[in-house]
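What follows is a short report on a single structure.
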Amino acid sequence: MNPDRCDPEVFYRGSVLMGFDATTAEANRWVSALAEESGQRVDWHYLGGMACVRYLGSQDAVIGAVDKLLPTLAGRVLFVRRP
């Protein structure tokens, strides 16, 4: 994951997973941990002042990783899309 630029393929083809309010540094840290924990391609970008997280790959793997890592997020969750 490039901390300065969203992965173009994840941005254009990925599914929206969640939105949260956090600093850039925290968004980079947490989404990188989410990608590692899930084993999927996950990235984020700002949209309307919030961090918008997108992913390519297994929704179940990403949701499982979100559930495990949410307590470590230093920010406010605005929404999570679940099946």
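A short reminder: the numbers here are calculations on the coordinates, not readings from a lab. None of these values were measured; they are calculated from a predicted model. Counting neighbours? That spans all protein chains shown, and the Cβs are built from the backbone with ideal geometry, glycine included.
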Using only the alpha-carbon atoms of the chain, report the extent along each of the three principal axes, biggest first, to the nearest angstrom.
-> 28, 26, 20
At what distance in nm do the modelled label points of residue 47 and residue 29 sit from each other, each positioned 7 Å from its Cα along Cα→Cβ?
-> 2.5
Sort 67, 7 so that the residue with the fewest other Cβ atoms within 10 Å of its own Cβ comes first and the one with the most comes last.
-> 67, 7
Note: probe point = Cα of residue 59 + 7 Å toward Cβ; backbone nitrogen < 11 Å; residues of the range 15-51 passing the test are 15-17
Compute the distance in nm between two label points, each set 7 Å from the Cα along the Cα-to-Cβ direction, one at residue 36 and one at residue 70.
-> 2.2
